[in-house]
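One structure below.
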Amino acid sequence: QKEVEQNSGPLSVPEGAIASLNCTYSDRGSQSFFWYRQYSGKSPELIMFIYSNGDKEDGRFTAQLNKASQYVSLLIRDSQPSDSATYLCAVGLWQAGTALIFGKGTTLSVSS
Amino acid sequence: DTAVSQTPKYLVTQMGNDKSIKCEQNLGHDTMYWYKQDSKKFLKIMFSYNNKELIINETVPNRFSPKSPDKAHLNLHINSLELGDSAVYFCASSQDERGVVGELFFGEGSRLTVL
């Protein structure tokens, strides 16, 4: 059974702080890793993807991947109230078919 | 031009009825999906089609029947609707390369309410 685990939150941070979101996955064969943001009533939108171990930065967002520990994280620097949303970790595994497996999401609340 | 479009956006119906949701993508992607998102926001894969062929069929009641007439369309038909079918259904597509699952592009979702 392929599983992706996230803390459901809510994670509350003040405006301007760093928000740290974590995700672990069960299948060592996982090859692609994604962070999606979902506002209430909207569809998920891609924030970042990462395929290789290490860090990947894009503006205020940094994704970190550690395949040995089966761990993916997303750091949001200088958090803004507009970052308040549910963040979904998704993991891709090519095995007898394709699909991204999602975690249950972490709700982030940024207070001004 | 919307990349992944689904219709209808809202469906309210009675238990026991049959309903369909349609999805179209204009991205030229080979793979399309149906995901179900429950009230707790958990996105669960239901079906995956690659070039019109069913690839993934998770543990979904056989009241749910997907159909892909061509690689740009994936429809979902639900028979004998039950209260527990109430959810938001998302269609998505992706272009996978060299065996690696790529980014999913989502439609806006279809909110189904069964009374």
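A short reminder: the numbers here are calculations on the coordinates, not readings from a lab. Source: prediction; values computed, not measured. Because the Cβ atoms are built from the backbone with ideal geometry, glycine has one as well, and the counts that use them run over all protein chains shown.
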**OP:** Specify which residue in the list A:16, A:29, B:48 is farthest towards the positive end of the charge dipole of the protein assembly as shown, using unit charges on the beta carbon of Lys, Arg (+1) and Asp, Glu (-1), about the Cα centre.
**Re:** B:48
Original post:
Size of the stretch B:1-94 along its principal axes in angstrom, Cα-based, largest extent first?
Top reply: 36, 28, 25
Original post:
How large is the charge dipole for the stretch B:37-83, taken about the Cα centre, if only the Cβ atoms of Lys, Arg (+1) and Asp, Glu (-1) carry charge, to the nearest 20 debye?
Top reply: 100
Original post:
Counting Lys and Arg as +1 and Asp and Glu as -1, what is the net charge of the other residues whose Cβ lies under 10 Å from the Cβ of residue A:46?
Top reply: -1
**OP:** State the percent of C-alpha pairs, over all pairs in the stretch A:35-104, separated by a distance greater than 17 angstrom.
**Re:** 47
Original post:
Other chains' Cβ within 10 Å of B:101-113 residues: what's the mean?
Top reply: 5
Original post:
Mind checking the dipole of the protein assembly as shown: about its Cα centre, +1 per Lys or Arg Cβ, -1 per Asp or Glu Cβ, Debye to the nearest 20?
Top reply: 380
Original post:
From the residues B:35, B:62, B:25, which one has its Cα farthest along the dipole of the protein assembly as shown in the positive direction, the dipole being from +1 and -1 charges on Cβ of Lys/Arg and Asp/Glu about the Cα centre?
Top reply: B:62
Original post:
Of A:104/B:36; B:44/B:67; B:22/B:44; A:104/B:52; A:42/B:9; A:56/B:41, which pairs sit farther than 22 Å apart, going by alpha carbon to alpha carbon?
Top reply: A:104/B:52; A:56/B:41
Subject >> Spin-label proximity, residue A:3 to the stretch A:27-54 - amide N less than 12 Å from point 7 Å beyond Cα toward beta carbon >> reply: A:27
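Counting only other chains, and only Cβ atoms inside 10 Å, what mean value do you get across the residues of B:36-45?
5
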Subject >> Highest-first arrangement of A:37-45, B:89-97, where packing means the average Cβ count within 10 Å >> reply: B:89-97, A:37-45
Original post:
In the protein assembly as shown, if every C-alpha pair distance is counted and binned at 10 Å from zero, what percent goes to each bin?
Top reply: 8, 33, 35, 20, 5, 0
**OP:** Please work out the C-alpha center-to-center distance from the stretch A:1-36 to the stretch B:1-70 and express it in whole Å.
**Re:** 25
**OP:** Within the set of other residues whose C-beta is less than 11 Å from the C-beta of residue A:88, count the net charge using Lys and Arg as +1 and Asp and Glu as -1.
**Re:** +2
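What relative contact order, as a whole-number percentage, does chain A give when Cα pairs under 8 Å and 6 or more residues apart are counted?
Contact order relative to length: 38 percent.
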